[in-house]
Amino acid sequence: MNLTLRIWRQKNANTPGEFVTYEAKDVSPDMSFLEMLDVVNEELMRRGEEPIAFDNDCREGICGMCSLMINGVPHGPLPQTATCQLHMRVYKDGDAITIEPWRAAPFPVIKDLIVDRSAFDRIIQSGGYVSVSTGGAPDGNTLPIPKDDADRAFDAAACIGCGACVAACKNASAVLFTSAKISHLALMPQGKVEQDRRVLKMVAQMDEEGFGACTNIGSCEAACPKGITLDNIARMNRLYLKASVKSGLE
Amino acid sequence: MAATARSLRASFSGVLMRLWRSSLGKKYVMAVTGLILFAFVVGHLLGNLLIFAGRTQINEYAQVLKSNLPLLWSARLVLLVSVVLHVVAASQLAHTDRRARRIRYSKFHILDSTLANRTLIVSGLVILGFVIFHLAQFTLLVVDRSYATLVDAAGRHDVHRMMIEGFQNPVVSVFYIISVALLSLHLSHGVASSFQSLGARSKKIEWNLKRVSLIVAIVLFAGFASIPVAVLTGLVK
């Protein structure tokens, strides 16, 4: 199939960018979206032009490096699918595809479609850890954890930190990411100890980075390649309220 | 003891300031003030529906409401503070949200959004404008000063007559109906959303929460709109 790609090109963070249109010829439906871009880049390099810069690493949907706003939806049209797992069979001959970087002030564009997601790292650094070594993986059932809690913690821990939630949010809010990180630790006995301090610090850092607030629409949940749910945001809202009240009383 | 109480109070105000400065805290303010205003709207509708019970009943009700001045002004103060906090928090959050995405997408789908949650700011502003006009018309009585002189047979302020005269103006009625429609739209998102903001929502109750929110919004619209419609069609005279 042949496609028309409208791709954001931007030399670096300090240069204004613009859309450039490319024709992708003879695209196989078995290619992944990133492989399709690889082929376009090979053609660009053959012509001596600068290839399109985009983030990617594992290409199996678990690392969180790939991004791309594809026709106005993060990671493209398939639910719970990262861009690297999106295959060209969802498109048909003659389709026009607009590809943009994540747009959020805390995610400045580094080049073309690559944005700097260090803001997420700083949110983690502010409290997304357990301060003491809790040892290696314990034997099963030495530390009794209710199955429901274990499942919820695991679901939250599935977050790969790709930033699709921020990209999808009309306010560029990072509450889904932050709440997933807070939840997966708060639901485990090792993480529970520091949960008050953690939620206060991580929310403060999230605000500090300049992300927007939550309007409770649910675009983030719909865009998340890992199916992180709004329940995590509600849990963060509860924990933050509780931690705030406690910090005023104790 | 006194020292402890003082230090508690100091740190407690510190907590309130931190909450107000944080995005989550501001959403708590939106939720709590929103729920207070929602409760008022429900009570206000129930009272107004007394117009269908008759002149004596609604005029009596209005007189009772205004008889206890400390209670009346306490309620008005709570409502005024709620409106101010709701509007100030909303505008500050909207400002933060705009700054969080300075460069817009050329193509953007707001996934899973509804008409209600895409238009909260617009519906909110129209409702604010309407509330100011509505207060000027029926509480301050400055739109038509003759309302102040309307008195019923028992010597009470004739609220029944005032409502009829007010809504016989089609411009007033149409603005009223549009405003309560937007209010219902605003609440169809707002009521359920406030539970999420306060952490009192999960997948388990989401469906019921959204359904109750929607039903409440529809009932509120039907209730409020029935009054100008009844006046314009001559059902209430």
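What follows draws every value from the coordinates through simple rules; no lab data is involved. If you're wondering where the values come from, they're calculated on a predicted model, not measured in any experiment. A quick note on method: Cβ atoms are made from the backbone with ideal geometry, for glycine too, and the neighbour counts reach across all protein chains shown.
Compute the semi-axes of the equivalent ellipsoid of the stretch A:3-110, taking the square root of 5 times each eigenvalue of the Cα gyration tensor, and list them largest first in whole Å. List each step's numbers first, then the result.
Details: eigenvalues 80, 67, 35 Å².
Sorted largest first and rounded, they come to 20, 18, 13 Å.
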Checklist outcome for this item: Only helices counted: for the protein assembly as shown, with every DSSP H run of 4 or more residues adding -39500 (n - 2.57) and the sum spread over all residues, [θ] at 222 nm is -18500 deg cm²/dmol
Item to check | Amide H partners (placed H, <5 Å) of B:D158, local residues excluded | outcome: B:L150, B:V151, B:D152
Checklist outcome for this item: Scalar couplings 3J(HN,Hα) for the stretch A:5-10 by Karplus 6.51 cos²θ - 1.76 cosθ + 1.60 (θ = phi - 60°), nearest whole Hz, x for Gly and Pro, are 9, 10, 10, 6, 10, 8
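Counting only other chains, what is the mean number of Cβ atoms within 10 angstrom of the Cβ of each residue in peptide B:114-125? The partial results should precede the final answer.
On the way: counts 2, 0, 1, 6, 3, 0, 2, 0, 0, 0, 0, 0.
For this peptide, the per-residue mean of nearby foreign Cβ atoms is 1.
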Item to check | Cα convex hull of the protein assembly as shown, projected area averaged across orientations, nm² | outcome: 31.4
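Relative contact order of chain B: what whole-number percent is it, with Cα pairs under 8 angstrom and at least 6 residues apart?
Numbers: 173 pairs, mean separation 65.9, N = 237.
Here the relative contact order equals 28 percent.
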Checklist entry - Amide H to amide H, which residues 5 or more places from A:I97 or on other chains are under 5 Å from it, using H placed in the peptide plane? => result A:T4, A:L5, A:R6
Checklist entry - Roughly how tilted is helix B:203-232, in degrees to the nearest 10 and between 0 and 90, from the longest Cα axis of chain B? => result 30
Checklist outcome for this item: Listed by chain and number, the residues whose amide H is under 5 Å from that of A:F19, excluding neighbours fewer than 5 places away on the same chain and using placed H, are A:R9
Item to check | Relative contact order for chain A, counting Cα pairs under 8 Å that sit 6 or more residues apart, in percent | outcome: 20
Checklist entry - Measuring from a point 7 Å past the Cα of B:T56 along Cα-to-C-beta, which residues in the stretch B:141-177 have an amide N at less than 17 Å? => result B:152-161
Next on the checklist: Using only Cα atoms and rounding to the nearest 10 degrees, what angle (0 to 90) does helix A:195-208 make with the longest principal axis of chain A?
Outcome noted: 40
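Order of B:T56, A:T215, B:T149 from fewest to most other C-beta atoms within 10 Å? Please report the intermediate quantities before stating the final value.
Details: B:T56 14, A:T215 25, B:T149 9.
Result, fewest neighbours first: B:T149, B:T56, A:T215.
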Checklist outcome for this item: Note: chain A at 37 °C, 0.692 mPa s; Kirkwood Rh on alpha carbon pairs; Stokes-Einstein D in µm²/s works out to 168
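Under the rule a/c < 1.5 gives rounded, and otherwise a/b versus b/c splits prolate from oblate, where does the stretch B:1-122 land using the Cα gyration tensor?
Values: a/c = 3.76, a/b = 1.24, b/c = 3.02.
Judged from the Cα gyration tensor, the stretch B:1-122 comes out oblate (a/c at least 1.5, b/c at or above a/b).
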Item to check | Dipole moment magnitude, nearest 20 debye, chain B about Cα centre, only Lys, Arg, Asp, Glu C-beta charged | outcome: 1280
Checklist entry - How large is Rg/Rh for the stretch A:117-249, to two decimals, with Cα atoms and a Kirkwood Rh? => result 0.96
Checklist entry - Using the alpha-carbon atoms, what tilt in degrees (0 to 90, nearest 10) does helix A:175-186 show relative to the longest principal axis of chain A? => result 40
Next on the checklist: Within a 10 angstrom radius of the beta carbon, how do A:F177, A:F33 rank from fewest other beta carbons to most?
Outcome noted: A:F33, A:F177
Checklist entry - For A:R238 and B:F133, what is the calculated FRET efficiency with R₀ set at 41 Å and r taken between the beta-carbons, to the nearest 0.05? => result 0.55
Checklist entry - Got a sec? Charge dipole of the protein assembly as shown, +1 on Cβ for Lys and Arg, -1 for Asp and Glu; which of B:S82, B:L115, B:L65 is way out at the positive end? => result B:L65
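Per residue of A:216-224, what is the mean number of Cβ atoms on other protein chains within 10 angstrom of that residue's Cβ? Show your work: numbers first, answer last.
Values: counts 13, 11, 8, 7, 2, 2, 5, 3, 0.
Counting Cβ atoms of other protein chains within 10 Å of each residue's Cβ and averaging gives 6.
Can you give the FRET efficiency for A:D121 and B:A148, using 1/(1 + (r/R0)^6), R0 = 45 Å, r = Cβ-Cβ distance, to the nearest 0.05?
Working: r = 65 Å, r/R0 = 1.44.
Efficiency computed from Cβ-Cβ geometry: 0.10.
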Checklist entry - For the stretch B:151-223, what class follows from the C-alpha gyration tensor (a ≥ b ≥ c being the square roots of its eigenvalues): rounded when a/c is under 1.5, otherwise prolate if a/b is larger than b/c, else oblate? => result prolate
Checklist entry - Is there a simple number for the mean count of other chain Cβ atoms within 10 Å of the Cβ of residues in A:167-176, and what is it? => result 5
Item to check | Computed magnitude of the charge dipole of the stretch A:15-135 (debye, nearest 20; Cβ of K, R +1, Cβ of D, E -1) | outcome: 420
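Given an 8 Å cut-off on Cα distances and at least 6 residues of separation, report the relative contact order of the stretch A:3-110 as a percent.
33
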Checklist entry - Across the stretch B:51-59, in residue order, what do the Karplus-derived ³J(HN,Hα) couplings come to in whole Hz, using 6.51 cos²θ - 1.76 cosθ + 1.60 with θ = phi - 60° and x for Gly and Pro? => result 4, 7, 7, x, 4, 4, 4, 6, 5
Item to check | Per-residue HN-Hα couplings for the stretch B:163-173 [Karplus 6.51, -1.76, 1.60; θ = phi - 60°; Hz; x = Gly/Pro] | outcome: 5, 5, 4, x, 7, 5, 7, x, 5, 4, 5
Checklist outcome for this item: Footprinting proxy, A:C66, A:C84: sorted fewest to most Cβ within 10 Å, the residues are A:C84, A:C66
